[in-house]
Amino acid sequence: HVVLFKFKEGTSYETLRAIETKFTSLPGDITEIAAYEWGTNNSPEGLADGFTHCFLVTFNDEAGREVYLPHPSHKEFGSLVRHNVEKVLVFDFVSSD
């Protein structure tokens, strides 16, 4: 479950830190999250289209994602981030390795 955020211009540093902290707390609240990592764009290619933050949330199966999506902690996070994001991209995939 890949989530990319393009924040609205003028989003404060403090707001960004609060969003990062809240997203990072989700694995402690939602046991179905098998792995979690995140970071900010550092690509030299210039193709990020304004997206600055990437979060990768891994589940063992689709059933885990189905618990995560409506979970109250995830909903609370959505309320925090919603008003600060210009654009969000969510991409789900099953590893083909």
Can you work out the Karplus-derived ³J(HN,Hα) for every residue in segment 71-80? Use 6.51 cos²θ - 1.76 cosθ + 1.60 with θ = phi - 60°, whole Hz, and x for glycine or proline. 4, x, 5, 5, 4, 4, 4, x, 5, 5
Surface share of carbon and sulfur [accessible, 1.4 angstrom probe, percent] for the chain: 53
Using 0.36 nm per residue, how much length does the chain from residue 63 to residue 6 gain when fully extended, once their Cα-Cα distance is taken away? 17.7 nm
Mind checking segment 26-59 for GluC sites (Glu not before Pro) that DSSP puts in a loop (not H, G, I, E or B) and that have at most 15 other Cβ atoms within 10 Å? 45
³J(HN,Hα), Karplus 6.51/-1.76/1.60, whole Hz, each residue of segment 87-92, x for Gly, Pro: 8, 10, 10, 10, 9, 9
Among (i) 2, 12, 23, 25, 19, 12, 6, 1, 0; (ii) 2, 12, 23, 22, 16, 10, 6, 4, 3, 1, 0, 0; (iii) 3, 15, 28, 27, 18, 8, 2, 0, which one is P(r) over Cα pairs in 5 Å bins from 0, in percent computed from these coordinates? (i)
If I stretch the segment between residue 29 and residue 56 completely, what's the gain in nm (0.36 nm per residue apart, minus their alpha carbon distance), one decimal? 8.1 nm
Measuring from centroid to centroid over Cα atoms, what is the spacing of segment 28-54 and segment 61-97 in Å? 12
Counting only helical runs of four or more DSSP H residues, what would the 222 nm mean residue ellipticity of the chain come to if each run contributes -39,500 (n - 2.57) and the total is spread over all its residues? -11000 deg cm²/dmol
Order of exposure, largest accessible area first, which applies to 57, 67, 2, 94 with probe 1.4 Å: 94, 67, 2, 57
Under a 1.4 Å probe, what is the accessible area of the chain per residue, stated in Å²? 65
Order of exposure, largest accessible area first, which applies to 55, 7 with probe 1.4 Å: 7, 55
Given contacts defined as C-alpha pairs under 8 Å and at least six residues apart, what's the relative contact order of the chain, whole-number percent? 47
In whole Hz, the Karplus estimates of ³J(HN,Hα) for segment 37-42 (6.51, -1.76, 1.60; θ = phi - 60°; x where Gly or Pro) are 8, 7, x, 10, 4, 9
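The values are calculated or read from the model by the stated rules, or taken from the named source; none is laboratory data. No experiment lies behind these values; they were computed from the predicted model shown. Glycine gets a Cβ as well: all are built from the backbone with ideal geometry, and neighbour counts include every protein chain shown. Only protein heavy atoms, including side chains, enter the accessible area calculation; ligands, DNA and RNA are left aside. Shrake-Rupley method; radii C 1.70, N 1.55, O 1.52, S 1.80 Å.
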